[in-house]
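What follows is one structure encoded as structure tokens, with my remarks underneath.
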Amino acid sequence: MRYAEGPSAACDLIITAEPERVWEFVSDITVPARFSPELRRVRWLGDATGPSRGAEFEGHNENAVLGAWRTIATVVECDRPRVFAWTVADPDGRFGEVTGEPMATWRFDLEPVPEGVRLGHSVRIGPARSGVSLAIDRFPGKEEAFLRHRLADLRTGMLETLRGIKELAQG
């Protein structure tokens, strides 16, 4: 596994609720900050007040290894109540040169199933540099191990977010 290949992680769960109910939480950018171990707070930017293709929001993240950093996200897919996806950029050059490419692409996929909705959450890292790039720079021979570890951390956070959304939607 190489960073340049765009490694990814995904998980899903079943929520016993209508797709529109689940969509309310999936498309509310403040919801993941309630459950994520890294995302601390978010806010819409410019004239954006809700999800739509091209809308931007700012995220503030923190973890024990990387400290704190800011991101700018752009909604790249918004198909109610099926898909909500966004790219994340490093506007401050915290992890390297600002290239205009995303350092990650995130998405929620909602699929109707007999029990309600299968909610999937996924991330693809790159192509721009991200926090894991700093570790790879320092120890290039451990690239695959760093990526496995980072993807496991992200998967854990995604599962926490999915469980939180499930609790809200079924509550």
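The values are calculated or read from the model by the stated rules, or taken from the named source; none is laboratory data. As the structure is a computational prediction, the values presented were derived from the model and not from experiment. Glycine also receives a Cβ, built like all others from the backbone with ideal geometry; neighbour counts cover every protein chain displayed.
Below, the figures for the structure above:
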{"read-out": "Within region 74-115, considering residues that are closer than 22 Å to residue 38 by Cα and touching a Leu at 6+ places or on another chain (Cβ under 9 Å), the one surrounded by the most Cβ atoms within 10 Å (Cβ to Cβ)", "value": "108"}
{"read-out": "Any hit, region 13-20, residues being within 17 Å of the chain's Cα centre (by Cα) and either buried (at least 18 other Cβ atoms within 10 Å of the Cβ) or among the hydrophobic types (A, V, I, L, M, F, W, C) (or both)", "value": "yes"}
{"read-out": "Matching residues, region 101-157, being of a type in the set (Phe, Trp, Tyr) and without any contact (Cβ under 8 Å) to a residue 40 or more places away in the chain", "value": "106, 139, 146"}
{"read-out": "Close pairs from region 35-50: first among the small types (Gly, Ala, Ser), partner in a strand (DSSP E or B), Cβ under 9 Å, at least 6 apart", "value": "36/61; 46/56; 48/56; 48/57; 48/75; 50/44"}
{"read-out": "Answer residue from region 38-68, given it is outside any strand (DSSP E or B) and surrounded by 15 or more Cβ atoms within 10 Å (Cβ to Cβ) and is nearest to the chain's Cα centre (by Cα) among those", "value": "38"}
{"read-out": "Among the candidates 167, 160, residue that is without any contact (Cβ under 8 Å) to a residue 24 or more places away in the chain and under 22 Å from residue 35 (Cα atoms)", "value": "167"}
{"read-out": "Complete set of residues in region 13-28 that are out of contact with any helix residue (DSSP H, G or I) (no Cβ under 7 Å at 6 or more places or on another chain) and in contact (Cβ under 8 Å) with a residue 40 or more places away in the chain", "value": "14, 18, 19, 20, 23, 24, 27"}
{"read-out": "Residue 71 being in a helix (DSSP H, G or I), surrounded by 20 or more Cβ atoms within 10 Å (Cβ to Cβ), of a type in the set (Val, Ile, Thr) and at pLDDT 95 or above", "value": "no"}
